[in-house]
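Report on the structure given below.
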Amino acid sequence: MVFLILSQQTSDINSSRAYRRLMERFVTLDAVASADISEIETDIAPGGLAKIKAPRIKEVLNKVLELNGSLDLSFLQEMPLNDAKAWPRQLPGIGPKSAGIVLRFSLGMPAMAIDTHIYRVSQRLGVIGPKVSVDKAHDILEAKVDPEEVFNFHVSYINHGRQVCRAQRPLCPECVVGGLCPSRKKFMSKADLAVLAAQEENTLAGSAGAPLPHVPQSEPINEE
């Protein structure tokens, strides 16, 4: 959770540098929990927003100690998933995404951590509805994705959102799941739509990837 706080609104390089400096000085998170905020602030300065993040780190660590008596969160692995997701959300500043990251990547549990890329791709592909909130998306997607596939889903949707299904100017003509996407024509240029229409026209009906015709033929078929 300390690393999650450090990673907010900064690069992976800066947050990693800040965490490394913090642990080089204090060695254990218990020592960080008992340190002065000013000391924490000095060590995490490379990660940015140190004046905000330092008190938050101390507050979260001490809340965990208050609730659990230890900073070891492995006990969450013994809980049902919904209970395990609820426990970290008692902590200040920890929402569904942060709780999901801790459970998935620290404890190996099949929890979803829905970031902006996963949320956007899921909506555009119609996996979740257009009015579903980010918080609700966690529960819906967990129910739809097999537990053993949660990690692959997480990584593939994030990569797809970063590289292809971008927030601005998504690369719909290059999308490998474009044929299944109900949203792609909204984002394609007139030129790309013309190319797509030509491809669809030249694709044999009934072949893989082609929509089957559903309009009756204008000429009756002579069966004699």
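The values are calculated or read from the model by the stated rules, or taken from the named source; none is laboratory data. Predicted model, so just to flag it, every value in this text is computed and none were measured. Cβ: placed from backbone, ideal geometry, glycine included. Neighbour counts: every protein chain shown.
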Original post:
Out of region 151-167, which residues are outside any helix (DSSP H, G or I) and free of Cβ contacts under 8 Å to residues at least 40 places away in the same chain?
Top reply: Val164, Arg166
Original post:
Can you pull out the residues in region 44-62 that are part of a loop (DSSP other than H, G, I, E, B) and either among the small types (Gly, Ala, Ser) or touching a Cys at 6+ places or on another chain (Cβ under 7 Å) (or both)?
Top reply: Gly48
**OP:** For Asp83, indicate whether it is over 20 Å from the mean Cα position of the chain (by Cα), charged (D, E, K, R) and not in a helix (DSSP H, G or I).
**Re:** no
**OP:** Give region 96-149 a look and list any residue that's of a type in the set (A, V, I, L, M) and in contact with an Asp or Glu (Cβ under 6 Å, 6 or more places away or on another chain), or say none.
**Re:** Met112
Subject >> Options Leu6, Leu22, Leu71: the member that is closer than 20 Å to Asp115 by Cβ and aliphatic (A, V, I, L, M) >> reply: Leu6
Subject >> Unique residue being exposed (fewer than 11 other Cβ atoms within 10 Å of the Cβ), modelled with pLDDT of 90 or more and acidic (Asp, Glu) when the list is Glu148, Glu201 >> reply: Glu148
Original post:
Are any residues in region 151-172 under 14 Å from the mean Cα position of the chain (by Cα) and crowded, with 20+ Cβ neighbours inside 10 Å, and if so, which ones?
Top reply: His154, Tyr157, His160, Gly161, Cys165
Original post:
Can you name the residue in region 1-18 that is hydroxyl-bearing (Ser, Thr, Tyr) and in a helix (DSSP H, G or I) and, of all such residues, is nearest to Leu91 (Cα to Cα)?
Top reply: Ser7
Original post:
Considering only residues of region 1-34 that are touching a Phe, Trp or Tyr at 6+ places or on another chain (Cβ under 6 Å) and at pLDDT below 95, which is surrounded by the most Cβ atoms within 10 Å (Cβ to Cβ)?
Top reply: Leu6
Original post:
What residue, of Met79, Met109, is in contact with a Leu (Cβ under 9 Å, 6 or more places away or on another chain), surrounded by 13 or more Cβ atoms within 10 Å (Cβ to Cβ) and of a type in the set (A, V, I, L, M, F, W, C)?
Top reply: Met109
Original post:
over 20 Å from Leu71 (Cβ atoms) and assigned to a helix (DSSP H, G or I) - does that describe any residue in region 19-34?
Top reply: no
Subject >> Extreme residue, farthest from Gly179 (Cα to Cα), among residues of region 113-150 that are within 10 Å of the chain's Cα centre (by Cα) and not in a helix (DSSP H, G or I) >> reply: Ala113
